[in-house]
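A.B. asks: Once you've had a glance at the structure underneath, I'll fire off some questions.
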Amino acid sequence: MTIALGTALALLVLWWALRFLPAGAEGHLPLPYLIALIPFLWIPALLLAVVAVVLGCWPLAVAAVVLAVIVALRVPLHRLSLRETSRETKRETYRETHPDTSDTTARGYDEQPDAPITVMTLNCRFGRADADAIMDAVRAHDVDVLALQELTADLVGALDAAGIRDVLPHRQLGEDRPTDNGGFNGLWTRLAPVAAASSSAQIPAADVPVIVTSPTLNGQPADVPDSAIAFASAHTKSPMRGCRAWSQGIVGLGRLALQRATVVLGDLNCGIDHPSFRKLLAAGFRDASMSALRKPMVSFPSWLAWPRIELDHVLISGGIDAERVETLTIHGSDHLATVAALRIR
């Protein structure tokens, strides 16, 4: 029995150690799924500790408790995700100007310079999310930027019928392609854009649309200035649609950190334990939830209070800070919506 307990504990340690693989090495089934479950390894570790105590195997019991504590605290990865990047960044310029910049309901940062920007992201589950529920959340939380994934043309039409243009008059959608993972991505904003594009990062997944705004131009079309902020909606492939493409998509979003101030919102199908996600953070991003709450924000599946895993993220770079992050239930989606209040320095 001691040998069996020792073997089980060794397997748990090896499972936990998968998070230290090099980025990309976890791009083989079933590693992405095993790594996603690492936060719950404290459960079998504690069970092993109880059995070891009953059998009088005290060294194994102590080792199992230590493993459970390490898994539960996740301290090393928290420190990594909160690290500020110090490297110099090079700014890219978006040249596709959004055609609709005349709506008077759009506001610039100059009108409320001290007000945070509220962003919201949601995976719409093959377009099944309820448009009225999305709009209720947008209005209730005074959302400035809405990022949606797994969109369909029908859902976009339903959002128009629900009055999204009255609240968020500017939008940029990704191209609807047969290779999309569950649907295309889109952005809506009340902030007047100075530029926009249907694709901002070449990754093996749905287009990553972007809208660029500027606090200094108050929404007037012009060349993109140094003070511009880019908002992007992203949805990397799930491992079941191709593990290599899954990892490449996560790491590939790191190119957007070249922006001096960038916010990437979306279902990234990964969490802090995945090496590819930590490589994305190392490119210059910070996770808003880790910054504001000092812990990951779990968002899937929506129908379970526990256990849930972290898939959806608000990533920030440059002079942007996260003040508040929370999740909401949206009828029709299997993900929780993530809402974050961001402040521009």
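Just so you know, all these numbers are worked out from the coordinates, no wet-lab data involved. Since the structure is predicted, the reported quantities are computational estimates derived from the model, not experimental observations. All Cβ positions, even for glycine, are placed from backbone atoms using ideal geometry, and neighbour counts span all protein chains on display.
A.B. asks: For every other residue with a beta carbon closer than 12 angstrom to the beta carbon of Leu34, add +1 if it is Lys or Arg and -1 if Asp or Glu, then tell me the sum.
C.D. replies: Working: positive: Arg19; negative: Glu26, Asp273.
My count for the surroundings of Leu34 gives -1.
A.B. asks: Using modelled backbone amide H atoms (1.01 Å from N, in-plane), which distant-in-sequence or interchain residues come within less than 5 Å of Val194's amide H?
C.D. replies: Result for Val194 returns Val212, Thr213, Ser214.
A.B. asks: Still on this structure: Quick one: compute the contact order of the range 243-340, relative version, from alpha carbon pairs under 8 angstrom and 6+ residues apart, as a percent.
C.D. replies: Across the range 243-340, relative contact order equals 30 percent.
A.B. asks: At q = 0.18, 0.20, 0.21 Å⁻¹, what log₁₀ I(q)/I(0) does the range 197-340 have when each alpha carbon counts as one equal point scatterer in the Debye sum?
C.D. replies: Calculated log10 I(q)/I(0) at the listed q: -1.07, -1.27, -1.37.
A.B. asks: Now, a different point. How big is the equivalent ellipsoid of the range 1-76 along its three axes, where each semi-axis is √(5λ) from the Cα gyration tensor, reported in whole Å from largest to smallest?
C.D. replies: Result for the range 1-76: semi-axes of 25, 13, 9 Å.
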